[in-house]
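J.: Next up is a structure, given as structure tokens.
The values are calculated or read from the model by the stated rules, or taken from the named source; none is laboratory data. From a predicted model like this one, the values you see are computed outputs, not experimental measurements. Cβ atoms come from the backbone with ideal geometry, glycine included; neighbour counts cover every protein chain shown.
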Amino acid sequence: MTIHNPHLFKLIQKFPFLSKLFTITDGLIIEPEDERDFIFGANTVDKVVLREDGQWLNFLPEDELQRGRRVETMGCTGYALLNVLEMVAKLKWGKQWNKSDRFTNKMSGTGRNGNSLSRVLESVRKYHGVVKEVNWPWSRDNFTWNDYYSGIPLDIQDIGTEWLENYGISYERVTYNKQLLMESLKYSPLYVAGYAWYQRKGLYQSYSTANHAFTIVGYVEGSHWLAYDSYSPHIKKLAWDFYIPWAYVVTLKKESDFNVAEIQKLLDKGIKYIMRALASGQMYELTPEGLKYLTPEEARDLGIKMLAVDKKLIGIPEDYYNKLNND
């Protein structure tokens, strides 16, 4: 018997023996294995090693709690997946992403019983993409359930759809095996489900059935796994024999370093150069393939004033520059 209840979820952390009687979750729905899933180790997804040592602690995103003062979002699956994407983006492109968990939880269909890992993966990969936290934020002090899961305007949804045009996601399921888990961490932090939370002798133990989603970000072989969680403390040490029945390697690729569609709109208006007016005045030439940085000497030789008079040069704010760079 499975009960989706945040209050009982707190209770089993004090009295874990209750987990032997029934499964209590804070938002994880377990679905049967899908035979269509790609399996790690079968060479089914094109990917490259990102961390030879499998350690991701230096790439953690901003700490975020899935619970507010007036609401338990039941959104552990959304928080855990976005943490993976934010860490990969930080390593690959040096970008400090902060994507909207509220958007992802709503669009993937998270409800009062929570959601499954696979539904959230497919929502982000195929249907809805992601948006920035500033696009669809929430207040942990004031929001209720209805506030958090209110309808999302179409213009915000369009931002997620546009993100899908510029980024691609694929994933592989990792069979529970310590060697395979260590090997898979070379490619991404792991999007996982396991038992939460029972601590003994400084380590969290796998006491019963998986009931929570989180992220594995490293290990000390033979000693413990390192987990990054949407509950405090955000970094947890899991016993080396902690059972992880569900784990996914997630591959994130940028289709292009530039938003060529947006750049083409500027070219169609006759604009050939842009200046980052609020940065240090860096100038770029617009090309159908992207942005070409101009050295100060090259910019000076072009005659900035004349370009501005002819409306071939415009100053742009940083948020628009980021948009042109697919950030």
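J.: Is there any pair linking a residue in the range 193-206 that is in contact (Cβ under 8 Å) with a residue 40 or more places away in the chain to one that is among the basic types (Lys, Arg) and crowded, with 17+ Cβ neighbours inside 10 Å, with Cβ under 8 Å and at least six apart or on different chains, and which?
T.: Sorted first by the residue in the range 193-206, then by its partner, the pairs are Trp197/Lys236.
J.: When you scan the range 99-121, how many residues do you find that are in a strand (DSSP E or B) and either over 12 Å from Ile29 (Cα atoms) or touching a Pro at 6+ places or on another chain (Cβ under 7 Å) (or both)?
T.: 1
J.: Taking the range 88-103 only, how many residues are under 20 Å from His212 (Cα atoms) and not small (Gly, Ala, Ser)? Before you say what the answer is, go through the steps one by one.
T.: Applying the first criterion (under 20 Å from His212 (Cα atoms)) to the range 88-103 yields 100-103.
Adding the requirement that they be not small (Gly, Ala, Ser) leaves 101-103.
Total meeting the criteria: 3.
J.: Return yes or no: is Thr77 assigned by TED's automatic domain parsing to the domain that holds Thr215, out of contact with any Pro (no Cβ under 9 Å at 6 or more places or on another chain) and modelled with pLDDT under 80? Spell out the reasoning first.
T.: Working: assigned by TED's automatic domain parsing to the domain that holds Thr215: yes; out of contact with any Pro (no Cβ under 9 Å at 6 or more places or on another chain): yes; modelled with pLDDT under 80: no.
No; evaluated as a whole, the condition is false for this residue.
J.: Considering the range 172-231 alone, what residues qualify as being assigned to a strand (DSSP E or B) and small (Gly, Ala, Ser)?
T.: At the first step, the residues of the range 172-231 found to be assigned to a strand (DSSP E or B) are 172-173, 190-194, 198-200, 203-205, 212-220, 224-228.
Ala193, Gly194, Ala213, Gly218, Ala227 - these are the residues of the range 172-231 that are assigned to a strand (DSSP E or B) and small (Gly, Ala, Ser).
J.: Considering every residue within the range 31-45, establish whether at least one is farther than 22 Å from Tyr149 by Cβ, assigned to a loop (DSSP other than H, G, I, E, B) and at pLDDT 90 or above.
T.: Filtering the range 31-45 down to residues farther than 22 Å from Tyr149 by Cβ leaves 32-45.
Adding the requirement that they be assigned to a loop (DSSP other than H, G, I, E, B) leaves 32-38, 40-45.
Now restrict to residues that are at pLDDT 90 or above: none.
So far as the range 31-45 goes, no, none of its residues is farther than 22 Å from Tyr149 by Cβ, assigned to a loop (DSSP other than H, G, I, E, B) and at pLDDT 90 or above.
J.: Hey, another quick one. Out of everything in the range 43-58 that is hydrophobic (A, V, I, L, M, F, W, C) and under 19 Å from Leu117 (Cβ atoms), what residue ends up being surrounded by the most Cβ atoms within 10 Å (Cβ to Cβ)? Before you say what the answer is, go through the steps one by one.
T.: We begin by selecting, within the range 43-58, every residue hydrophobic (A, V, I, L, M, F, W, C); these are 45, 48-50, 56-57.
The next check asks that each one be under 19 Å from Leu117 (Cβ atoms); those that pass are 45, 56.
Details: Val45: 15, Trp56: 25.
Within the range 43-58, the match that is surrounded by the most Cβ atoms within 10 Å (Cβ to Cβ) is Trp56.
J.: Do any helices (runs of 4 or more DSSP H) lying entirely in the range 263-327 carry at least 1 residues that are under 23 Å from Asn166 (Cα atoms) and in contact with a Lys or Arg (Cβ under 8 Å, 6 or more places away or on another chain), and which ones are they? Spell out how you get there, then give the answer.
T.: Details: elements: 296-302, 304-309, 318-324.
In the range 263-327, 318-324 are the helices (runs of 4 or more DSSP H) which contain 1 or more residues that are under 23 Å from Asn166 (Cα atoms) and in contact with a Lys or Arg (Cβ under 8 Å, 6 or more places away or on another chain).
J.: Could you please find all residues in the range 148-171 being assigned to a helix (DSSP H, G or I), among the aromatic types (Phe, Trp, Tyr) and out of contact with any Ser or Thr (no Cβ under 7 Å at 6 or more places or on another chain)? Don't jump to the end; show me each part of the working.
T.: Going residue by residue through the range 148-171, those that are assigned to a helix (DSSP H, G or I) are 148, 154-166.
Still in the running and among the aromatic types (Phe, Trp, Tyr): 148, 163.
Trp163, the sole residue that qualifies.
J.: In this structure, is Thr251 crowded, with 17+ Cβ neighbours inside 10 Å and among the β-branched types (Val, Ile, Thr)?
T.: Working: crowded, with 17+ Cβ neighbours inside 10 Å: yes; among the β-branched types (Val, Ile, Thr): yes.
In short, yes.
J.: Kindly indicate which of Tyr204, Tyr219 is more than 26 Å from Thr73 (Cα to Cα) and modelled with pLDDT of 95 or more. If you could, list the steps in order and put the result at the bottom.
T.: Details: Tyr204 fails: more than 26 Å from Thr73 (Cα to Cα).
Unique residue meeting the criteria: Tyr219.
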